[in-house]
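Structure, as structure tokens:
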Amino acid sequence: MQFWSREEFIEKFRQVGQQRYHDRHPFHQRLHAGELTRAQIQCWVANRFYYQKNIPIKDALLTARCPVREVRRHWVQRIIDHDGCSADPGGIERWLRLGEGVGLAREDLEKDRLLLPGVRYAVDAYVHFVGSRSWVEGVASSLTELFAPQLMKDRLIALETHYRWIDPATMTYFRCRPPLASRDSENGLDTVIQYCDSLEQQQRAVAALQFKCDVLWAQLDAVYQHCVAPAGVPLS
Ligand code: AHQ
């Protein structure tokens with residue numbers, strides 16, 4: 001097998017997303033169908049917060065491991081997008097507002113009081129992956145966001161349609177993130193294509209995306225198992 005062209009490489013990433021991205025997970029299917037209870041939504045929001053607050057930590061690990069200034073400039077911006085700055089409260093703050101919107105106390109999220117073991121270990125595995133693999137594999141693992149904008153747009157419509165008990169003003173996270181996700185994933189894709197200069201590195205980049213799809217899937221498995229369909233309890 002020889003080095004993949006740009007088009008072939010991109011198609012490999014698209015195939016991974018098509019088969020394994022978490023938009024296909026039963027939890028998201030039920031969320032979008034309006035089938036979830038307040039308690040199930042709260043469980044999801046509280047556990048996704050652990051993922052969100054670890055994003056800038058893994059981005060800082062990637063930035064520290066990357067010797068290319070032009071790449072670091074993009075990743076420093078990603079940290080600011082989540083942690084915020086004087087001009088913008090940031091995505092983590094917007095997620096805390098979402099938590100309040102679904103009836104959770106900020107401190108419950110900040111102190112991981114509702115965090116499930118499976119979510120903790122999936123997210124910690126992601127942070128460890130980025131902190132221990134090549135920086136290009138770290139960039140490749142973020143490319144799940146190629147598929148995030150449409151998912152977040154669909155999710156926002158579902159939340160506004162089916163879950164009217166949530167104040168729409170607290171859903172700003174899902175209004176602000178899609179354009180940043182598009183910007184970041186386009187930059188990440190160009191970076192991975194530019195810096196993978198062997199077939200072996202290209203294959204490692206695709207494997208990194210597969211790993212990250214499993215990180216996202218495992219988080220929803222933990223939430224689904226805990227509060228939607230506990231093992232051994234028939235759904236009907
Ligand atoms: O809100 C999300 C986010 O800030 C990020 C950063 C990015 C990364 O660096 O891995 N991935 C990501 C994602 C976010 N939201 C998820 C969702 O379903 O709301 C999707 C997730 C992703 O696709 O990786």
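The values are calculated or read from the model by the stated rules, or taken from the named source; none is laboratory data. Quick caveat: nothing in here was measured; it's all calculated off a predicted structure. Heads up, the Cβs are rebuilt from the backbone with ideal geometry, glycines too, and the neighbour counts pull from every protein chain shown. Keep in mind that these areas ignore ligands, DNA and RNA; they rest on the heavy atoms of the full protein, side chains included. Shrake-Rupley method; radii C 1.70, N 1.55, O 1.52, S 1.80 Å.
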field: Looking only at segment 77-92, and only at residues there that are among the charged types (D, E, K, R) and more than 9 Å from the ligand (Cβ to nearest atom), the one that is surrounded by the most Cβ atoms within 10 Å (Cβ to Cβ)
entry: Asp83
task: Sort out which residues of segment 7-63 are open to solvent by 50 Å² or more (accessible area, probe 1.4 Å), β-branched (Val, Ile, Thr) and within 16 Å of the chain's Cα centre (by Cα), and write them in order of number.
output: Ile57
query: Within the set of pairs 6+ apart or on separate chains, which have a first residue in segment 4-22 that is over 15 Å from Val192 (Cβ atoms), a second that is open to solvent by 50 Å² or more (accessible area, probe 1.4 Å), and C-beta atoms under 6 Å apart?
result: His22/Trp217
message: I'm checking my understanding of the structure. Among residues of segment 121-131 that are of a type in the set (Val, Ile, Thr) and open to solvent by less than 20 Å² (accessible area, probe 1.4 Å), which one is nearest to Leu216 (Cα to Cα)?
response: Val123
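Answer yes or no as to whether Val68 is closer than 24 Å to Leu146 by Cα, surrounded by fewer than 20 Cβ atoms within 10 Å (Cβ to Cβ), within 15 Å of the ligand (Cβ to nearest atom) and not small (Gly, Ala, Ser).
No, not satisfied.
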- request: Starting from segment 177-191, keep only residues that are more than 12 Å from Val139 (Cβ to Cβ) and away from the ligand (no atom under 13 Å from the Cβ), then list their pairs with residues that are open to solvent by 10 Å² or more (accessible area, probe 1.4 Å) and part of a helix (DSSP H, G or I) whose Cβ atoms are within a distance under 6 Å, requiring at least 6 positions of separation or different chains.
  value: none
task: List the number of the failed condition for Arg164; all other conditions in (1) under 25 Å from Glu100 (Cβ atoms); (2) in contact (Cβ under 8 Å) with a residue 12 or more places away in the chain hold.
output: (2)
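Would you mind listing the helices (runs of 4 or more DSSP H) fully within segment 80-196 where at least 2 residues are over 16 Å from the mean Cα position of the chain (by Cα) and closer than 26 Å to Gly17 by Cβ?
On the way: elements: 91-101, 106-110, 117-132, 135-141, 148-162, 172-195.
By residue number, 117-132, 135-141, 148-162, 172-195.
Being touching an Asp or Glu at 6+ places or on another chain (Cβ under 8 Å), in contact (Cβ under 8 Å) with a residue 40 or more places away in the chain and away from the ligand (no atom under 13 Å from the Cβ) narrows it down to one of Ala169, Ala205, Ala222, so name that one.
Details: Ala169 fails: touching an Asp or Glu at 6+ places or on another chain (Cβ under 8 Å); Ala222 fails: touching an Asp or Glu at 6+ places or on another chain (Cβ under 8 Å).
Selected residue: Ala205, the only one of Ala169, Ala205, Ala222 that is touching an Asp or Glu at 6+ places or on another chain (Cβ under 8 Å), in contact (Cβ under 8 Å) with a residue 40 or more places away in the chain and away from the ligand (no atom under 13 Å from the Cβ).
Does segment 132-150 contain any residue that is open to solvent by 70 Å² or more (accessible area, probe 1.4 Å) and more than 16 Å from the ligand (Cβ to nearest atom)?
Within segment 132-150, none of the residues are open to solvent by 70 Å² or more (accessible area, probe 1.4 Å) and more than 16 Å from the ligand (Cβ to nearest atom).
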task: Report whether or not Ile57 is part of a helix (DSSP H, G or I), under 23 Å from Arg94 (Cβ atoms) and free of Cβ contacts under 8 Å to residues at least 40 places away in the same chain.
output: no
